[in-house]
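Below: the structure, in structure tokens.
Readers should treat all values here as calculations from the given coordinates under stated rules, not as data from a laboratory. Predicted, not measured: the structure shown is a model, and the values here were computed from it. Cβ atoms come from the backbone with ideal geometry, glycine included; neighbour counts cover every protein chain shown.
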Amino acid sequence: MTDTSEKKIVKTASGEARKAYEQIVLRSFWRNVAAMTAFDVLWFIGMAFVVQAVFSPAYLNTLGAPKTIIGLVSAMFFITVPMNLLSDRAAGRGRRKVRVTIFFGASGVVYILLGSLAMICPDGYSGLQILLYSLGTLVFFSFINLGNPIYWEVVIDNIPMRRRGRVHAFRATAAGVSGFTCVRFAEWVTQQFDEIRSFHVSLVFAGFFFIVASLTPLLIRDNVDPARRKQRKSTSTLPLWREVQLLLLRLWYRPSYRGFIFFAFLLVGGCALGPFLVTYAQDVLKISPDTLEGQLKMVFLSMIIIGGLAMGSLADRWGFRVAAILQAATLAVAFWVAIGSRGNISLLVAYALYACTFWASGVMLSNLSIELMPRIRITRLIAGMNLFLLPAYLLLPWSCGYVIDLGKGGGDSIESYHMVFAIGMILAILSALGFALLVQEPRTGKTLVIRRIRRA
């Protein structure tokens with residue numbers, strides 16, 4: 001038998017395996033979507049008690065933490081992204097949904113322990129509470145980043161590419177509605193306690209719902225992509241540092257990905273400055289923490305619904321690059337509104353625009369990265385992308401928090417906040433222009449299409 005005929009047989013066999021896999025995915029499609037949606041709904045009921053983008057800056061600012069600490073803790077999810085590398089190795093050993101349940105369930109346990117320890121901490125020890133919360137948040141997001149890439153791989157393998165945008169819209173709507181409707185219940189529960197204790201009770205309730213949500217991935221009928229199965233069989237024997245080096249070099253030397261990651265860096269850098277909207281409301285607008293947290297949680301959860309629906313329909317029709325352009329433009333408008341805000345309403349509008357971008361940006365960047373580099377395993381690709389973006393989350397919140405701390409009145413200076421918001425707006429504008437003009441659309445291969453309209 002010739003080499004050509006052998007290649008044809010192998011190609012035919014792989015094609016048949018691919019068709020069989022796609023049919024199995026379609027047969028279990030609705031069951032898997034229901035399980036994924038149940039996870040989102042239960043997780044967002046927990047988020048009715050703790051929305052990290054609101055909770056961390058509000059709680060730490062109430063304790064009197066420096067803005068540099070607030071900026072770093074608010075970006076802790078992104079600071080712990082090196083855990084994605086360990087997640088990649090764990091995903092290659094099978095039983096993906098079990099590992100997702102273990103990692104996400106452990107994060108819920110951390111919240112319960114954190115809230116319980118903070119409750120028994122004596123009053124007046126605000127420095128100890130700040131340290132305890134910072135370390136607890138570090139451990140919490142370490143577990144989240146261990147489970148997140150594996151869960152992403154399960155979702156991608158069990159949802160056809162042309163349906164991912166609509167499925168994301170449906171899941172975001174269900175999750176946002178559940179979280180939004182439970183905010184009032186969460187407020188009623190926390191109002192039974194004083195200002196500081198209400199934060200601790202919120203952590204305990206959120207941890208309980210996170211544990212319950214972590215059980216739902218076990219209901220997914222996990223179908224592994226045949227191409228992924230081959231990748232999983234080839235377990236790397238290289239040291240971790242060498243594997244990371246080769247991964248980053250492979251991504252960096254791909255021109256289309258290099259352009260994408262640069263403008264993604266600018267976008268997430270702008271998103272990392274969003275938590276300062278919360279401290280701005282407390283320091284400058286003098287809004288009480290209880291009122292502020294309830295309002296911003298409702299705004300955040302409602303904008304997840306709107307952002308999910310908008311991005312889902314746009315992504316399926318025009319691709320994730322168009323969604324990235326609109327999200328960056330929305331973030332720029334959010335900071336522009338924040339600069340001119342002098343009251344509660346304008347601040348809520350600015351935070352709503354920021355929340356729409358913040359929640360959808362992770363989904364959009366991950367999907368766009370996967371479509372640009374389809375031959376790299378998803379867990380490894382997401383880990384590499386997050387490592388490239390890590391300096392933005394480390395440097396920008398810390399440096400901008402330092403600028404605010406240098407302002408007059410111990411962080412109450414309006415000019416310092418406006419300077420930070422202007423930096424965020426500039427980063428978002430540059431990101432929108434970059435995605436529009438220079439980043440390749442992976443579904444069409446086009447970089448930019450300009451049509452000249454003739455005047456009559």
Looking at region 23-437, how many pairs of lysines come closer than 30 Å at the Cα, when each pair is eight or more places apart or spans two chains?
9
With each run of n ≥ 4 DSSP H residues scored as -39500 (n - 2.57), what mean residue ellipticity at 222 nm is computed for the chain after dividing by its residue count and rounding to the nearest 500 deg cm²/dmol?
-27000 deg cm²/dmol
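Under Stokes-Einstein, with the Kirkwood radius over Cα pairs standing in for Rh, what whole-number D in µm²/s applies to region 271-390 at 4 °C and 1.567 mPa s? Numbers along the way, then the final one.
Working: Rh = 15.4 Å.
Roughly 84 µm²/s, to the nearest whole number.
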How many angstrom lie between the Cα centre of region 99-131 and the Cα centre of region 185-207?
14 Å
Could you calculate the FRET efficiency of residue 86 with residue 342 from 1/(1 + (r/R0)^6), where r is the beta carbon distance between them and R0 is 60 Å, rounded to 0.05?
0.80
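Using the count of nearby Cβ atoms within 10 Å as a rough guide to exposure, how do 371, 153 rank from fewest to most? Please list the in-between numbers first.
Details: 371 18, 153 27.
So the ranking, lowest neighbour count to highest, is 371, 153.
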Model label zone, residue 224; criterion: amide N under 16 Å from point 7 Å along Cα-to-beta-carbon; scope region 362-383:
377-380
Rounded to the nearest 10 degrees, the helix 195-213 long axis (Cα) sits at an angle to the longest Cα principal axis of the chain of 20 degrees
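Please report the orientation-averaged projected area of region 23-437, defined via the convex hull of its C-alpha atoms, in nm².
18.5 nm²
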If you take every residue apart from residue 52 with its C-beta less than 15 Å away from the C-beta of residue 52, what net charge results, scoring Lys and Arg +1 and Asp and Glu -1?
0
Expressed in nanometres to one decimal, the distance between label points 7 Å along Cα→Cβ at residue 249 and residue 415 is 4.9 nm
Give the order of 182, 356, 121 when sorted by the count of other beta carbons within 10 angstrom, beginning with the fewest.
121, 182, 356
Residue by residue through region 181-188, the couplings from Karplus 6.51 cos²θ - 1.76 cosθ + 1.60 with θ = phi - 60°, in Hz, x for Gly and Pro, are 6, 9, 4, 4, 4, 4, 5, 4
Among 300, 262, 276, which comes first, second and so on when ranked by fewest other beta-carbon atoms within 10 Å?
262, 300, 276
The helix 3-27 Cα axis meets the longest alpha-carbon principal axis of the chain at an angle in degrees, between 0 and 90 and rounded to 10, of 40 degrees
Length gained if residue 193 through residue 426 is fully extended, taking 0.36 nm per residue and subtracting the Cα-Cα distance, is 79.7 nm
Length gained if residue 394 through residue 437 is fully extended, taking 0.36 nm per residue and subtracting the Cα-Cα distance, is 12.7 nm
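Taking 8 Å as the Cα distance limit and 6 or more residues as the minimum spacing, I'd like the relative contact order of region 23-437 as a percentage.
Details: 641 pairs, mean separation 117.9, N = 415.
Taking the mean separation of contacting Cα pairs over the length of region 23-437, I get 28 percent.
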Can you tell me the order of 357-369, 47-59 when each peptide is scored by its average per-residue count of other Cβ atoms within 10 angstrom, highest first?
47-59, 357-369
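Loop-only check: which trypsin sites (Lys or Arg not before Pro) in region 20-94 are DSSP coil with at most 15 other Cβ within 10 angstrom?
Details: sites: 27, 31, 67, 89, 93; in loops: 93.
Passing both the DSSP loop test and the Cβ count: 93.
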